[in-house]
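Here's the structure we're looking at; comments come further down.
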Amino acid sequence: MENASVLYEVRGVGKRYGGVVALDNVDFTLRAGEVVGLVGDNGAGKSTLVKVLSGAHEPDSGEIYLDGQRRVWKSPHDALEAGVETLYQDSGIAPDLTVAANVFLGREIVRKGFLGKLGFLDEKAMRRDAHAELERVGIAVPASDRPVARLSGGQRQAVAIGRAVAWANKVIILDEPTNHLGARQAGEVLEIIRHARTKGFGVIFISHTLPHVLEVTDRIVVLRLGRVVADAPSSSFTPDSLLKAITGLGQS
Ligand SMILES: Nc1ncnc2c1ncn2[C@@H]1O[C@H](COP(=O)(O)OP(=O)(O)OP(=O)(O)O)[C@@H](O)[C@H]1O
Ligand SMILES: [Mg+2]
């Protein structure tokens with residue numbers, strides 16, 4: 001690999017939905033300990049790129065590399081196993097399950113013992129660990145035996161973010177994690193992102209709130225109509241130049 005610090009990378013990725021070209025020859029890199037902002041107007045292709053990176057969509061063309069190794073994700077499970085954790089824009093929180101069950105959704109703790117992996121869930125251990133996990137990443141949620149449906153939108157979002165960060169071991173992808181959050185809660189999410197960076201994770205942060213993006217990221221990648229139109233250190237953008245890159249308006 002040319003650059004040892006590159007953690008996650010796609011090259012020449014293309015993705016169409018019928019006649020719509022959602023991604024056109026996209027290159028994207030993420031280094032360890034780096035927060036990259038992915039921005040662009042509605043429909044620019046951000047969530048589609050997220051789905052390629054998370055294994056939810058197979059790209060029509062292009063290559064994916066994790067730790068310098070070529071990867072082909074057949075499902076989100078493959079990417080998860082390899083250490084790529086994703087909070088989708090339409091987050092997969094199950095409202096009828098408890099906070100604890102949501103944190104462990106898809107990887108429930110099976111009680112050890114002579115029954116071995118016969119497959120019944122250790123609810124007590126899950127509750128205890130769910131809370132510990134959320135606390136560890138700096139998220140305060142009310143009792144983890146509460147159904148998520150009885151939390152506020154912001155608290156629900158916190159559970160989803162906590163889940164992603166708690167399980168991550170290489171890459172964390174957050175698609176609009178501060179949506180629907182109040183100023184204080186959004187600030188907490190930014191704090192969690194900073195914390196994740198210090199632990200050496202690579203973080204991809206997607207948001208339409210440009211001040212947040214400028215504040216928390218090291219580098220910003222701008223997508224427009226499925227193409228990368230800018231990829232530069234965050235410090236090289238002003239709010240105005242970033243907006244122009246996104247819209248393509250007012251550029252000479
Ligand atoms: N499942 C789908 N079927 C058909 N077209 C799709 C599908 N998902 C996305 N698209 C189209 O692909 C393009 C990129 O969409 P995408 O969701 O990646 O944009 P986005 O940048 O995440 O936008 P937003 O900021 O609104 O979330 C859009 O033109 C969209 O209409
Ligand atoms: Mg989107």
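Which net charge results when you count Lys and Arg as +1 and Asp and Glu as -1 among the other residues whose beta-carbon is under 10 Å from that of Leu225? Mind dumping the intermediate values first?
On the way: positive: Arg224, Arg227; negative: Asp24, Asp41.
Cβ neighbours under 10 Å give a net charge of 0.
Among Tyr8, Tyr88, Tyr17, what's the order by accessible area (1.4 angstrom probe), most exposed first?
Tyr17, Tyr88, Tyr8
Less than 13 Å Cβ to Cβ from Leu242, Lys/Arg counted +1 and Asp/Glu -1: what total charge do the surrounding residues give?
-1
List the residues whose amide H sits under 5 Å from the amide H of Leu87, counting only those 5 or more places along or on another chain, with H placed 1.01 Å from N in the peptide plane.
Amide H neighbours of Leu87: Ile173, Leu174, Asp175.
Please pull out the direction-averaged projected area of the range 7-101, using the convex hull of its alpha-carbon atoms, in nm² to one decimal place.
Averaged projected hull area, Cα only: 7.5 nm².
For a 29 Å ceiling on Cα separation, which of these pairs sit above it: Lys51/Lys199; Lys46/Lys124; Lys74/Lys124; Lys74/Lys170; Lys15/Lys199?
Lys46/Lys124; Lys74/Lys124; Lys15/Lys199
The values are calculated or read from the model by the stated rules, or taken from the named source; none is laboratory data. Note that the structure is a prediction, hence the values are computed from the model and not measured. Using ideal geometry, Cβ is built from the backbone for each residue, glycine included, and neighbour counts are taken over all protein chains shown. In case anyone asks, the SASA skips ligands and DNA or RNA and just uses the protein heavy atoms, side chains included. Shrake-Rupley method; radii C 1.70, N 1.55, O 1.52, S 1.80 Å.
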